[in-house]
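Here the structure is laid out as structure tokens; the discussion comes afterwards.
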Amino acid sequence: MNCQKPESYFKETTASSELIFDGKVLHLYRDEINLPDGGKSFREYCKHNGAVCVVPLTREGEVICIRQYRYALDRVTLEIPAGKFDYIGEDHREAALRELREETGYTTETLIDIGPLSTSPALLTEIIYCYLAEDMTPGDSDPDPDEFLEMVKIPLEELVNMILSGEVQDAKTQAAVLKVWAMKQMKK
């Protein structure tokens, strides 16, 4: 990558900030900002405490996915296990292990950090910390009281094809699964 302009060329600074809505998960702000050229503008964005997601890959090469209804989309989606942090500052690995166990029942000692994902950086501060889980041990799931989930095992290559065909639209699932696929291909 051949970058020519320093980061200061792009930097916007906050002139004022207004909390418009303070919800349980999202906190909506409208900020007046100073542009790099001295002009003024506004930015609306949501603060989110962050989340984790896990690509649970079995010894047989299957990814354990979750089917669940997503109210905002008004449909059932296919996703990898994921969840928001229970509190600000929660350890990312511990949160990933918790979500894996709660949603699938599986536990593991082999949790590999595969990098963060900024889900929608133009309007959301959410960062999802992505992990690969291997060498898992099955157990009983313990979903949250408001979660109605179905666990589905899909071979990694089949899931990649489902992503490429548009059948799986969830961004974190796409990014994390394709990253795991690429990692596995590079090891060959």
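The values are calculated or read from the model by the stated rules, or taken from the named source; none is laboratory data. Fair warning: this is a prediction, and the values are worked out from it, not measured in the lab. Heads up, the Cβs are rebuilt from the backbone with ideal geometry, glycines too, and the neighbour counts pull from every protein chain shown.
A quick yes/no check of all residues on (1) under 19 Å from the mean Cα position of the chain (by Cα); (2) under 24 Å from residue 71 (Cβ atoms):
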| residue | (1), (2) |
| --- | --- |
| 113 | yes, no |
| 119 | yes, yes |
| 147 | yes, yes |
| 164 | yes, no |
| 178 | yes, no |
| 185 | no, no |
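Can you tell me which residue among 67, 59 is surrounded by 10 or more Cβ atoms within 10 Å (Cβ to Cβ) and either in contact with a strand residue (DSSP E or B) (Cβ under 7 Å, 6 or more places away or on another chain) or not in a strand (DSSP E or B) (or both)?
Just a single option satisfies the conditions, and that option is 67.
Name the residues in the stretch 158-177 that are without any contact (Cβ under 8 Å) to a residue 40 or more places away in the chain and loosely packed, with under 15 Cβ neighbours inside 10 Å, would you?
Result: 158, 161, 164, 165, 166.
Take the stretch 112-130 and flag every residue that is touching an Asp or Glu at 6+ places or on another chain (Cβ under 6 Å) and either within 15 Å of residue 63 (Cβ to Cβ) or part of a strand (DSSP E or B) (or both).
none
This table checks each residue for (1) closer than 21 Å to residue 125 by Cα; (2) in contact with a His (Cβ under 7 Å, 6 or more places away or on another chain); (3) at pLDDT 95 or above.
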residue: 38; (1), (2), (3): no, no, no
residue: 51; (1), (2), (3): yes, no, yes
residue: 55; (1), (2), (3): no, no, yes
residue: 66; (1), (2), (3): no, no, yes
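Mind checking whether some residue in the stretch 81-94 is in contact with a Ser or Thr (Cβ under 6 Å, 6 or more places away or on another chain), over 20 Å from residue 154 (Cβ atoms) and surrounded by 10 or more Cβ atoms within 10 Å (Cβ to Cβ)?
No.
Check whether at least one residue in the stretch 44-51 is within 22 Å of residue 179 (Cα to Cα) and either more than 14 Å from the chain's Cα centre (by Cα) or surrounded by 15 or more Cβ atoms within 10 Å (Cβ to Cβ) (or both), and report yes or no.
yes
Quick one: how many residues across the stretch 11-26 are in contact (Cβ under 8 Å) with a residue 12 or more places away in the chain and either assigned by TED's automatic domain parsing to the domain that holds residue 87 or not hydrophobic (A, V, I, L, M, F, W, C) (or both)?
Final tally of qualifying residues: 7.
Please find, within the stretch 73-111, the residue that is nearest to residue 63 (Cα to Cα) out of those that are of a type in the set (A, V, I, L, M, F, W, C) and touching a Cys at 6+ places or on another chain (Cβ under 9 Å).
Looking at the filtered set, the residue picked out is 80.
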